[in-house]
Structures are given as C-alpha cells and as structure tokens.
Amino acid sequence: MDTPADHTKNNKSPAQYEAERAEQQSVVDGDSKNANANMTVLDDTAAIPKGTVDPVYEAKAKVLNNAIQEIGMGWYQWQLFIVVGFGWANDNLWPIVTSLIFPAIVKEFSPSRPPLLSLAQNIGLLAGAMFWGFGCDIFGRRWAFNLTLGITAVFGLIAAGSPNFAAIGCFAALWSFGVGGNLPVDSAVFLEFLPGSHQYLLTILSIYWAVAQVIANLIAWPLLGNLSCEETAETCTRKANMGWRYFVITMGCISMAEFFIRFVFFTIHESPKYLMGKGRDEDALRVVHDVARRNGKTSNLTIDDLRACDALGSGPLTTDASAALKRKLEKVNLTHVRALFATPKLIWSTSLIMLVWAFIGLGYPLYNAFLPYIQATRGAEFGDGSTYLTYRNSLIIAVLGIPGALLGGVLVEVPKFGRKGALAVSTVLTGVFLYASTTALTSNALLGWNCAFNFFSNIMYAVLYAYTPEIFVTKDRGTGNALTATANRVFGIMAPIIAMFANLETAAPVYTSGALFIAAGLLVLALPFEPRGKASL
C-alpha cells in the first residue's frame, strides 16, 4: 500500500506530486505523531525505472491515501478492525483444526501415508493465496473479502461427513483454498482504509490469531477428548469416533457466523483504489466521503483532485480487467524483483528474510501438525496419555499464545532492541524450548515446555508480520511480501512430504523443527535493517 509522506490537504497539482517524489527520498522525522513513524527508508535502494507503474494510477492512489489520512481513524475503521480480525482468526483456526483432528483421523481411517492430510491442506493454502491475491484486483476486494470466509465455512461443514481419508483430504484442501485468501485480501482491505498513523494495528491483529487457537482447543477438549477412540483401542469405528466430526461442524458454524456478520451486518465498501483503477473516480470519491461521514467528519477530496492526475499520462487510465491484472502483475515482474536485489546490501537483506520465512514455514508445520500425537505418545509413557488429557493440555498451551502476541507489540518499540532484537530472541527461544521439551520426564514438564514454546512463537509471528513489509520500499513491497510468502508456503508443503519419509513415532519432527527455528533466529541477527523509529515512503 502506498503511504503518503505528508498529511496535507488533497488539492495538489500533478507538478506538486512530481516534486514530492524527490522530496520523499529523505527520512521523515520519527516523531510519534508522524503517520509513518514505524516504517523505514532503505537509503541504498535504486530508483524504480519509470514506466513500470501507470503514473496516473500512482498519482491518484497518492491522492486517495492523503484523503484517508485526512479523515483519520474512526468508527468505520474500528468496525473494519473487528471483521478483518475474522480473517486473521481463520488463518490460524483451520490449520489448528487439521492438527487437532489428525490423531482421530489416523485412528479411524488407518491411512498408509497420514501426512497427506497436511500436504493437502498446504497445497490449498498456497492455491488460495495466489488466486485471491490476484483475483481481488479483477473482481474486487468486496466479494473476495466475503467469499473467502464463505468457502471456508461451507467446505468445513461438508468435511464432517467424509467417509474416508481421501475425502477429508480433498475437503481440507478446499477449505484451505478459502483460508489461504484471508490474509492477502483482508490486509489489503484494511490497509487501504487505514490512516498511516494507525498502521501499528496490523501488528495488534495478531491477537485474533492467538485467540483462534484458544477457541479451537477449548472446543476440541470436550468433543475430541470424550468422543474419540482412545490411543490404545485396537479398533476404531465411526460411531465411537464422532468427536472430530462434531468438532469440524462447530468450527464450520463459527466461520459461517463470521461470514454472516460480514455479509449482513457490516457494510464493506469497495476499496477506493480498486474503484479508481477501474476508472470509477466518482464511486471512489463517494466511498471516501461516506467513510468520512460514518466517522463524523468531512473530507476535502473533490473529483477535480483525481482528474488533475490525468495530466501525468498520455490519456485516461485504462479501466478494463486486463489492464487491472497487468497493474497487479507489474508488482511482481522482474523489474521489481531486480530492485529488491539492486545492491549488495539489498541482496543480503532480501535473501535472508526469505530464508527466515522458509525455515519457519518448514519448522512450524512439522511441530504443529504432530503436537497432539507427540503429547499422546509421551503421555502414555508417563501413564496419563488419555485423549481427554491430550486435548486439555493443548488448550492450556494455546492460552499462553495470547500474552505472547501482546508482548510482541510492546517489544518492537524497545530502544536498542526493536524489531530485530524481538524477532531474533523470540525465534531462537522458540527452538530452544522445543529442544527442552524432549527432556521432559513427566507430563507436567512436557506441558510446561510446550507452553513456553507457544508463548515465544506467538511473539515471533507478531513481530515477523510487522517487520517484513517494513524493510521493503513501498513500490517493491508487494513483490517482497510475495517472495517471502511463497518461500513460507512452499516450505510448508515440504513439511508433510518430509514427514512421510520419517518415523512419526519418534521425536524427529521436534528435533528438526527446533533446529530450523534456532537457525532462523540467528539469521535475523544478520539482517542489515532495523525499522524502529524510522519512516519511509
């Protein structure tokens, strides 16, 4: 999302915008009142070649950004913060669902390759992120914003009737197709209505991610704990193993309720920048003024402010779907990729952050997918490995994620510690506590180590989601985020493939996961940029 460097009125000429481009190469004073105080300028970033982005589109986007900043944070954005949180919650909820039902699924269907369930899920997540990320620029943010939750809910509910392992794998891929679009679409919707002075709320949204884990485990405890076949049972029939079906139905109902709230009770406006990109300047203007009205304010934006930008191009902004897609593709073309590797320092920074995302993308699924299995088998060694205790402990572990997410938002602003310090320490400690869990001699000790792991991993994710976009300049931020997300999802797909050829009845996934987290944390220390207290375009 383009972020304006100043917050003056919107009635500026095209010539003024051209002048601003040169002025915005300097670092803006990191005053707390500055809307962009939490972002950074990369001084050695090469200039973006002219012509890579439609100048009319870029100038009008800047005008709209200034208008949103002028309106400020109000009732509409706070309502949006709530419904956008549903997307963050579902991004973690459904992978947790797969993890929690995994032991019951394996027990009932006895598949030859159990990790195929996790593989199906990760393929769906990758496909969903790609489809919805590009598609929302063609058919709009509004429909994608609602449909991602709707698809997740529908296929989640249908999955409860799965008659075999292949069916549940297919439905897991389908509900993940919806889940995969939540963050790309919801973050775009939120940022395009969010004034720069409140961009820290993107970090605070991580609280939904942690709460979703608690909700899933809270519901799984009675359902899966009491209505599942015991680990020691020789046979497992559908009738004796209905807990996972009731659990998936409940999760599907939650997602359906969230979809209903979004679709019926909250009026989501189409993104002004999307409307402007389709040549609908009047509609974009109407949305901006309606948001101002709902916030109890007025906007100085006029249609002339937008039309004045047409002088920067050779003609009106092309408005057909193919042009909209072309603008989207321009963000990930080789020109923008080259810009991320334009200098030795940028090569180092971009490569390292991709490796960090890749290592975490492999390490977290290895641990998360097999946590209930590890707890059950280790619990059996301790003499208390009942299904009920397994899911009770999963709930306790999940609760520790909430203070972790909140603490992450505090640590990133600590002087001389900042984003890098918080990310490096929390990532390394995540791996350390994973290793420590293998030393547990009692079930309570194992529970304690796993609680510590979840606490620090939630700090890690809260900081990682904030740090990553801050180290890319605005014009290349979309490409940078795409590269890191791709690395994460591709390695996420590798996790179940590796597991299929490993012995799942050992702690091997834990050892591998711990090593990856520690390696990722050490890589963070080598990152060259610290965004805390700095500003960028």
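Restricting to segment 420-446, name every residue that is over 30 Å from E530 (Cα atoms) and surrounded by fewer than 20 Cβ atoms within 10 Å (Cβ to Cβ). Write out each step before concluding.
Just the residues of segment 420-446 that are over 30 Å from E530 (Cα atoms), to begin with: 436-446.
Within segment 420-446, A436, T438, T439, A440, L441, T442, N444, A445 qualify.
Go through (1) over 18 Å from V189 (Cβ atoms); (2) at pLDDT 75 or above for V291 and report which single condition fails.
So the condition that V291 fails would be (1).
If A127 satisfies every condition in (1) open to solvent by 20 Å² or more (accessible area, probe 1.4 Å); (2) touching an Asp or Glu at 6+ places or on another chain (Cβ under 8 Å) but one, which is the exception?
(2)
For the structure I just gave you, tell me whether G409 is buried (at least 24 other Cβ atoms within 10 Å of the Cβ) and either at pLDDT 65 or above or outside the structural domain of G480 (by the TED database) (or both). Steps first, please.
Values: buried (at least 24 other Cβ atoms within 10 Å of the Cβ): no; either at pLDDT 65 or above or outside the structural domain of G480 (by the TED database) (or both): yes.
Against the criterion (buried (at least 24 other Cβ atoms within 10 Å of the Cβ) and either at pLDDT 65 or above or outside the structural domain of G480 (by the TED database) (or both)), G409 does not qualify.
Answer yes or no as to whether L149 is of a type outside the set (K, R), more than 24 Å from R489 (Cα to Cα) and in a helix (DSSP H, G or I). It would help to see each step written out before you state the result.
Details: of a type outside the set (K, R): yes; more than 24 Å from R489 (Cα to Cα): no; in a helix (DSSP H, G or I): yes.
Judged against the criteria, L149 is not a match.
What residue, of L117, L100, is assigned by the TED database to the domain that holds A257 and within 22 Å of V490 (Cα to Cα)?
Values: L100 fails: within 22 Å of V490 (Cα to Cα).
Exactly one residue qualifies, and that residue is L117.
G169: surrounded by 20 or more Cβ atoms within 10 Å (Cβ to Cβ), more than 18 Å from the chain's Cα centre (by Cα), assigned to a helix (DSSP H, G or I) and not assigned by the TED database to the domain that holds N454, yes or no?
Values: surrounded by 20 or more Cβ atoms within 10 Å (Cβ to Cβ): yes; more than 18 Å from the chain's Cα centre (by Cα): yes; assigned to a helix (DSSP H, G or I): yes; not assigned by the TED database to the domain that holds N454: yes.
Spelling it out, G169 is indeed surrounded by 20 or more Cβ atoms within 10 Å (Cβ to Cβ), more than 18 Å from the chain's Cα centre (by Cα), assigned to a helix (DSSP H, G or I) and not assigned by the TED database to the domain that holds N454.
With the structure loaded, tell me whether A257 is aliphatic (A, V, I, L, M) and assigned by the TED database to the domain that holds V106 or whether it fails that test. Before the answer, list the steps.
Working: aliphatic (A, V, I, L, M): yes; assigned by the TED database to the domain that holds V106: yes.
Judged against the criteria, A257 is a match.
Need at least 1 residues that are surrounded by fewer than 20 Cβ atoms within 10 Å (Cβ to Cβ) per element, so show me which helices (runs of 4 or more DSSP H) inside segment 205-279 make the cut, counting only ones lying wholly within it.
On the way: elements: 206-226, 243-260, 272-277.
Result: 206-226, 243-260.
Out of A284, A292, which single residue is outside the structural domain of L80 (by the TED database) and either closer than 12 Å to K60 by Cα or open to solvent by 50 Å² or more (accessible area, probe 1.4 Å) (or both)?
Numbers: A292 fails: either closer than 12 Å to K60 by Cα or open to solvent by 50 Å² or more (accessible area, probe 1.4 Å) (or both).
Exactly one of A284, A292 is outside the structural domain of L80 (by the TED database) and either closer than 12 Å to K60 by Cα or open to solvent by 50 Å² or more (accessible area, probe 1.4 Å) (or both), namely A284.
Check segment 331-343 and report whether any residue there is under 22 Å from the mean Cα position of the chain (by Cα) and at pLDDT 80 or above.
No: segment 331-343 contains no residue that is under 22 Å from the mean Cα position of the chain (by Cα) and at pLDDT 80 or above.
Determine if segment 435-452 includes at least one residue that is within 26 Å of L126 (Cβ to Cβ) and touching a residue at least 24 places away in the same chain (Cβ under 8 Å). Show your work before the answer.
So the first thing to find is which residues in segment 435-452 are within 26 Å of L126 (Cβ to Cβ), and the list is none.
Scanning segment 435-452, I find no residue that is within 26 Å of L126 (Cβ to Cβ) and touching a residue at least 24 places away in the same chain (Cβ under 8 Å), so the answer is no.
The values are calculated or read from the model by the stated rules, or taken from the named source; none is laboratory data. Not measured: the values here are computed from a predicted model. Here Cβ is always computed from backbone atoms with ideal geometry, including for glycine, and neighbour counts include all displayed protein chains. Protein only, heavy atoms only, side chains kept; ligands, DNA and RNA dropped before computing areas. Shrake-Rupley method; radii C 1.70, N 1.55, O 1.52, S 1.80 Å.
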